[in-house]
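Okay, structure first, notes after.
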Amino acid sequence: GPGQAEMYAGLQELGVANGEDLKETLTNCTEPLKAIEQFQTENGVLLPSLQYALPFLDLHGTPRLEFHQSVFDELREKLLERVSAIALEGKVEERYKKLEDLLEKSFSLVKMPSIQPVVMCVMKHLPKVPEKKLKLVMADKDLYKACAVEVKRQIWQDNQALFGDEVSPLLKQYILEKENILFSNDISFLQNFFSPSPKTRRQGEVVQKLTQMIGKNVKLYDMVLQFLRTLFLRTRNVHYCTLRAELLMSLHDLEISEICTVDPCHKFTWCLDACIREKFVDNKRARELQGFLDGVKKGQEQVLGDLSMILCDPFAINTLALSTIRHLQDLVGQDTLPRESPDLLLLLRMLSLGQGAWDMIDSQVFKEPKMEAELITRFLPLLMSFVVDDHTFTVDQKLPSEEKGPIPYPSTIPEAFTKFLQENRIACEIGLYYILHITKQRNKNAFLRLLPALVETFSDLAFSDIFLHLLTGNLTLLSDEFALEEFCTSLFDGFFLTACSRKENVHRHVLRLLLHLHHKVAPAKLESLQKALEPTKQSGEAVKELHNQLSEKLELRKPSPAEVTEAPSMELPLPTVPTPASR
């Protein structure tokens, strides 16, 4: 077929006879057998000793093709070894000259499956494949596919669109993987989105593939960063910020100094990475991070855009917020005000830089966001007063009560707290982490007191996937409270159901939680929740699927009709026996 002809066309250029030549010889000759013998002699393997060996192989029924093939395979292996050796020996210019000559001779045969590996191997070892050859490879889908990544890098660095096509599916896959973890049906306070260490995360398939595609090529690294910035701007999806940090640290793990030394965020990211590993910013590292921020020179402010993206990574925000809550508790014990703690102020500075990433990259105005004084003078002292309320209540409970009766837990929230959560992004982030903190401590009173403040928050942060993922995990620690009408009404009617109809993700998170804890919820409440959470016409597949799973579980819990009829008649006074909660 035409494919064959094209494949072997290169042989003629090299003065090697091919099938077409044999056909021509046979068409124009009088004695075909003699012609074939002559063709075999002229084009066979030219070794005197073979003259006698070949007829011997014929006697054993070994086809000539098989013999030539094995000789060929043997030679090809030797040639591949030789090419790899040439790439390492002698003076740089000389070795590349040899390889270029070899490429020039062999490239016309690149379509022959048997020769292709050799041509590919030569190109792989050339740091600069001639432009013309790259263009030919690029124009041919199969050749492009067969290329080593070393050759593809040379093609990509001058073809951003082509490189974008290769990277794009990987970025989609990465975002999907993150969302699958956030919506996973396994709910636990021990294992959550933030559990894997940075080192483990960098072993992920997408980060490894991108690292491999970039190699040591700064131009490709810059392109990937440009893609990530653009996508972050377009979608506001913070997982792109995580990937930005993971990619840099993956190259750091491989000690690719060609890239690490030119990325101005390298040392900052490395230091922050250690904090994320410990889930805490200690004093020594705090000084180091502050040094980097204070060291941004006039005329280099653009680096703040990159640093803010590194700090906007949810893993960084999580570490900064947890550290902030820990600092506030320490300050209560030391009777110190937030404004007197330089470490706390640095955490807030980094939080606001991270939270301001999108605006900074969007506006291209590279300066640190101004910290609002009220955050430090009013909001944080308010949070500290909640910590004090808890201490006081706990101590009161332990005192012998004289006639005064039990002291109720404070149930109102200062209006200022609610207002801060609605209007100030940093206050909202810290407030949400404080609520996660008290839930993890199984502090039901404090949780129910602050929950109403979550219905309206800055940019709906209380309904964001990361917060709801963490909250549902921590709520498993309060699972026994789900039997109580009052607790369920506050949590479901007062919080979750206020947003279910307008936010699909909230609908999903509530269903996840109920799938996990349905056996703890009072049957009447469960039934009304099942109705309230029915999918609507607009609901996506995930919601429908979760609701089906929940309905199936509840079907299994219903007593069978036989049991119902045999129940003893209610006239008899029955002893009340608490029933164990059935799973």
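Among (1) assigned to a helix (DSSP H, G or I); (2) more than 19 Å from Q355 (Cβ to Cβ); (3) touching a residue at least 12 places away in the same chain (Cβ under 8 Å), there is one condition R244 misses while meeting the rest; what is its number?
(2)
On the basis of being free of Cβ contacts under 8 Å to residues at least 60 places away in the same chain, open to solvent by less than 50 Å² (accessible area, probe 1.4 Å) and over 27 Å from the mean Cα position of the chain (by Cα), does L448 make the cut?
Yes; evaluated as a whole, the condition is true for this residue.
Go through (1) open to solvent by less than 30 Å² (accessible area, probe 1.4 Å); (2) under 20 Å from H266 (Cβ atoms) one by one and return the number of the condition S197 breaks.
Single failed check for S197: (1).
Going through segment 326-342 one residue at a time, which ones are surrounded by 17 or more Cβ atoms within 10 Å (Cβ to Cβ) and within 32 Å of the chain's Cα centre (by Cα)?
Answer for segment 326-342, where residues must be surrounded by 17 or more Cβ atoms within 10 Å (Cβ to Cβ) and within 32 Å of the chain's Cα centre (by Cα): H327, L328.
Quick grid of which residues meet (1) open to solvent by less than 50 Å² (accessible area, probe 1.4 Å); (2) touching a Lys or Arg at 6+ places or on another chain (Cβ under 6 Å); (3) touching a residue at least 24 places away in the same chain (Cβ under 8 Å); (4) assigned to a loop (DSSP other than H, G, I, E, B):
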| position | (1), (2), (3), (4) |
| --- | --- |
| K128 | no, no, yes, yes |
| L134 | yes, no, no, no |
| Q154 | yes, no, yes, no |
| L171 | yes, no, yes, no |
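Given the residues T377, T336, which is the only one that is β-branched (V, I, T) and either assigned to a loop (DSSP other than H, G, I, E, B) or in contact (Cβ under 8 Å) with a residue 60 or more places away in the chain (or both)? I'd like the intermediate steps shown before the answer.
Details: T377 fails: either assigned to a loop (DSSP other than H, G, I, E, B) or in contact (Cβ under 8 Å) with a residue 60 or more places away in the chain (or both).
Among T377, T336, only T336 is β-branched (V, I, T) and either assigned to a loop (DSSP other than H, G, I, E, B) or in contact (Cβ under 8 Å) with a residue 60 or more places away in the chain (or both).
Would you mind stating whether T235 is free of Cβ contacts under 8 Å to residues at least 40 places away in the same chain and open to solvent by 60 Å² or more (accessible area, probe 1.4 Å)?
Numbers: free of Cβ contacts under 8 Å to residues at least 40 places away in the same chain: yes; open to solvent by 60 Å² or more (accessible area, probe 1.4 Å): yes.
Yes; evaluated as a whole, the condition is true for this residue.
Within segment 259-289, can you find the residues that are in contact with a Lys or Arg (Cβ under 8 Å, 6 or more places away or on another chain), assigned to a helix (DSSP H, G or I) and open to solvent by 40 Å² or more (accessible area, probe 1.4 Å)?
Hit for segment 259-289 is R277, nothing else.
Looking at segment 290-310, which of the residues that are surrounded by fewer than 11 Cβ atoms within 10 Å (Cβ to Cβ) and over 17 Å from D263 (Cβ atoms) is modelled with the highest pLDDT?
D294
Would you mind stating whether T439 is among the polar types (S, T, N, Q), assigned to a helix (DSSP H, G or I), modelled with pLDDT of 95 or more and buried (at least 21 other Cβ atoms within 10 Å of the Cβ)? Let's see the steps before the verdict.
Working: among the polar types (S, T, N, Q): yes; assigned to a helix (DSSP H, G or I): yes; modelled with pLDDT of 95 or more: yes; buried (at least 21 other Cβ atoms within 10 Å of the Cβ): yes.
Criteria met by T439.
Using beta carbons and a limit of 6 Å, which pairs, at least six apart or on different chains, have the first residue in segment 195-224 and touching a residue at least 40 places away in the same chain (Cβ under 8 Å) and part of a helix (DSSP H, G or I) and the second one basic (K, R) and surrounded by fewer than 18 Cβ atoms within 10 Å (Cβ to Cβ)?
Qualifying pairs under 6 Å: P198/R277.
When you scan segment 388-395, do you find a residue that is assigned to a helix (DSSP H, G or I), over 15 Å from L344 (Cβ atoms), open to solvent by 30 Å² or more (accessible area, probe 1.4 Å) and of a type in the set (A, V, I, L, M), even just one?
Start the filter on segment 388-395 by keeping residues that are assigned to a helix (DSSP H, G or I), which leaves 388-395.
After this cut, where a residue has to be over 15 Å from L344 (Cβ atoms) as well, the list is 388-395.
Checking which are open to solvent by 30 Å² or more (accessible area, probe 1.4 Å) leaves us with 388-389, 391-395.
Still in the running and of a type in the set (A, V, I, L, M): 388, 395.
Checking segment 388-395: at least one residue is assigned to a helix (DSSP H, G or I), over 15 Å from L344 (Cβ atoms), open to solvent by 30 Å² or more (accessible area, probe 1.4 Å) and of a type in the set (A, V, I, L, M).
With the structure loaded, tell me whether F189 is open to solvent by 60 Å² or more (accessible area, probe 1.4 Å), in contact with a helix residue (DSSP H, G or I) (Cβ under 8 Å, 6 or more places away or on another chain) and within 24 Å of F280 (Cα to Cα) or whether it fails that test.
Criteria met by F189.
Going by what's in this entry, would E429 be described as open to solvent by 40 Å² or more (accessible area, probe 1.4 Å) and of a type in the set (D, E, K, R)?
Judged against the criteria, E429 is not a match.
Return the only residue of I115, I181 being modelled with pLDDT of 80 or more and of a type in the set (V, I, T).
Of I115, I181, the one residue that is modelled with pLDDT of 80 or more and of a type in the set (V, I, T) is I181.
Out of all the residues in segment 442-471, which are in a helix (DSSP H, G or I) and basic (K, R)? Let's see the steps before the verdict.
If we filter segment 442-471 for residues that are in a helix (DSSP H, G or I), which is where we start, we get 444-454, 458-463, 465-471.
Passing the criteria: K444, R449.
Is it fair to say I407 is among the β-branched types (V, I, T) and surrounded by 14 or more Cβ atoms within 10 Å (Cβ to Cβ)?
No.
Does S363 qualify as being in the same structural domain as I310 (by the TED database) and among the hydroxyl-bearing types (S, T, Y)?
Numbers: in the same structural domain as I310 (by the TED database): yes; among the hydroxyl-bearing types (S, T, Y): yes.
Against the criterion (in the same structural domain as I310 (by the TED database) and among the hydroxyl-bearing types (S, T, Y)), S363 qualifies.
Restricting to segment 514-547, name every residue that is part of a loop (DSSP other than H, G, I, E, B) and open to solvent by less than 20 Å² (accessible area, probe 1.4 Å).
Within segment 514-547, V521, L533, S539 meet the criteria.
Considering only segment 415-430, I want to know if a residue exists there that is at pLDDT 95 or above and part of a loop (DSSP other than H, G, I, E, B).
Yes: one or more hits.
Is there a residue being closer than 29 Å to F463 by Cα, charged (D, E, K, R), open to solvent by 60 Å² or more (accessible area, probe 1.4 Å) and in a helix (DSSP H, G or I) anywhere in segment 350-365?
yes
Taking segment 236-287, which residues are touching a helix residue (DSSP H, G or I) at 6+ places or on another chain (Cβ under 7 Å) and hydroxyl-bearing (S, T, Y)?
Y240, T242, S250, T269
The values are calculated or read from the model by the stated rules, or taken from the named source; none is laboratory data. These figures come from a predicted structure and were not determined experimentally. Backbone-built Cβ (ideal geometry, glycine too); neighbour counts: all protein chains shown. Just the protein is used for accessible areas: all its heavy atoms, side chains included, with ligands, DNA and RNA removed. Shrake-Rupley method; radii C 1.70, N 1.55, O 1.52, S 1.80 Å.
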